[in-house]
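Below is one structure, written out as structure tokens; the observations come after it.
The values are calculated or read from the model by the stated rules, or taken from the named source; none is laboratory data. All of these numbers come straight from a predicted model, not from anything done at the bench. Positions of Cβ are backbone-derived with ideal geometry, glycine not excepted, and every protein chain shown enters the neighbour counts. SASA here: full protein model, heavy atoms, side chains in, ligands and nucleic acids out. Shrake-Rupley method; radii C 1.70, N 1.55, O 1.52, S 1.80 Å.
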Amino acid sequence: MNNSTKMITAVLLTAVICIAGTYAVAAGGSHQDESTTLNVGGSTTIQPMMVSFQETFEGYAKVSMNVTSGGSSVGANSTINGTLDVGMCSRDLKSSELDQGLVAHIIAKDGVSVIINSSVTGVGSLTLEQIAAIYSGEITNWKDVGGNDKEIAVIAREDGSGTRECFDTVMSSTVSGWKMKSVVSQFASTGAVTNAVTSTPGAIGYVSLGAAEKITSGAYTVAVDGVMPSVETVNDGTYEIQRNLVLATKGPAQGMAALLIAWILSDEGQKTVEESGFIPLS
């Protein structure tokens, strides 16, 4: 984290703590005993990391956190309508969401890894064009991309997923007019995609960098255009399937939401980002 980011984070932390202290004094010191709930939800990619933050943040801020999933679009829409205080989005916010008052707070970066079932041999790297063709239905057998003679089982995230949005955006940028084929197995979480790819012969899917690194058997990660996904290749831009991880608030972050974001952007918080398999802001 650079010096300017550290300074901004320190100032934000100090300001929010001072405000919280003011509330406590005004309430005659009873603020610490009051039950405060911070509702956070959305991206299934971010959820496990947020649970890690929850374990330390609740004691630090004397707040109860309610962490739920549902996908990035659920996180954004529920923050717009006030159901959530903070929405988790594993993608940048859409212009329509910004127009409705959402403010994006980038907390980390992530690569989207392409994973293949271990029954597939001879495929160590795919081009973006080949991946686009597999997901559009033009390529249906692994032998057409240098692999063994095996039908490709295409696995994807569901509509509304930030991981799906990142993947679709890159594919559309690679091939003009690209569309995912109509018959594809879709799953509602990163874990479900991982399980499906590792258990389905001939399968291909895509998951976050951290999730792919945790796979020990049943599937492997392939390079894209000769570049393997990693912290280094995402940061230097050579690995192209990547996205920002974002927390969204309705208007500028205030109160406990602001304190949570400042906590995540602190050195300690960014260490948790790294330990969770994502890429800290540096």
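Data table
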quantity	calculated
Any hit, region 34-45, residues being at pLDDT below 50, surrounded by fewer than 11 Cβ atoms within 10 Å (Cβ to Cβ) and among the acidic types (D, E)	no
Residues satisfying the stated conditions in region 57-85, i.e. part of a helix (DSSP H, G or I), over 18 Å from H105 (Cα atoms) and without any contact (Cβ under 8 Å) to a residue 60 or more places away in the chain	E58, G59
Unmet criterion (only one of (1) open to solvent by 50 Å² or more (accessible area, probe 1.4 Å); (2) part of a strand (DSSP E or B); (3) farther than 29 Å from T249 by Cα) for I155	(1)
Pairs, first touching a residue at least 12 places away in the same chain (Cβ under 8 Å) and part of a helix (DSSP H, G or I) in region 39-51, second of a type in the set (A, V, I, L, M, F, W, C) and open to solvent by 10 Å² or more (accessible area, probe 1.4 Å), C-beta under 6 Å, six or more apart	M50/V67; V51/V67
Candidates A248, A257, filtered to the one that is touching a helix residue (DSSP H, G or I) at 6+ places or on another chain (Cβ under 9 Å), closer than 16 Å to L84 by Cα and either surrounded by fewer than 18 Cβ atoms within 10 Å (Cβ to Cβ) or not aromatic (F, W, Y) (or both)	A248
Which listed residue, of M228, M171, is among the aliphatic types (A, V, I, L, M), open to solvent by 60 Å² or more (accessible area, probe 1.4 Å), within 24 Å of G124 (Cα to Cα) and modelled with pLDDT of 95 or more	M228
Single condition G210 does not satisfy, out of (1) out of contact with any Gly (no Cβ under 6 Å at 6 or more places or on another chain); (2) of a type outside the set (K, R); (3) under 22 Å from F278 (Cα atoms); (4) at pLDDT below 95	(1)
Top-ranked residue in region 91-117 [being more than 24 Å from T233 (Cα to Cα) and over 19 Å from the mean Cα position of the chain (by Cα); ranked as least open to solvent (accessible area, probe 1.4 Å)]	G101
Given (1) of a type outside the set (K, R); (2) outside any helix (DSSP H, G or I); (3) open to solvent by 20 Å² or more (accessible area, probe 1.4 Å), number of the condition M88 does not satisfy	(3)
Long-range neighbours under 6 Å by Cβ, at least six apart or interchain, first residue under 14 Å from F278 (Cα atoms) within region 235-250, second open to solvent by less than 40 Å² (accessible area, probe 1.4 Å) and not aliphatic (A, V, I, L, M)	Q242/G111; R243/R91; R243/D110; R243/C166; L245/S90; L245/D110; V246/C89
Near pairs, Cβ below 8 angstrom, 6+ apart or cross-chain, from region 204-226 (among the basic types (K, R)) to any residue that is part of a loop (DSSP other than H, G, I, E, B) and open to solvent by 10 Å² or more (accessible area, probe 1.4 Å)	K214/G277
Test: residue in region 61-76 that is open to solvent by 60 Å² or more (accessible area, probe 1.4 Å) and at positive phi	yes
Count of region 181-194 residues which are surrounded by fewer than 16 Cβ atoms within 10 Å (Cβ to Cβ) and either more than 17 Å from the chain's Cα centre (by Cα) or in a helix (DSSP H, G or I) (or both)	6
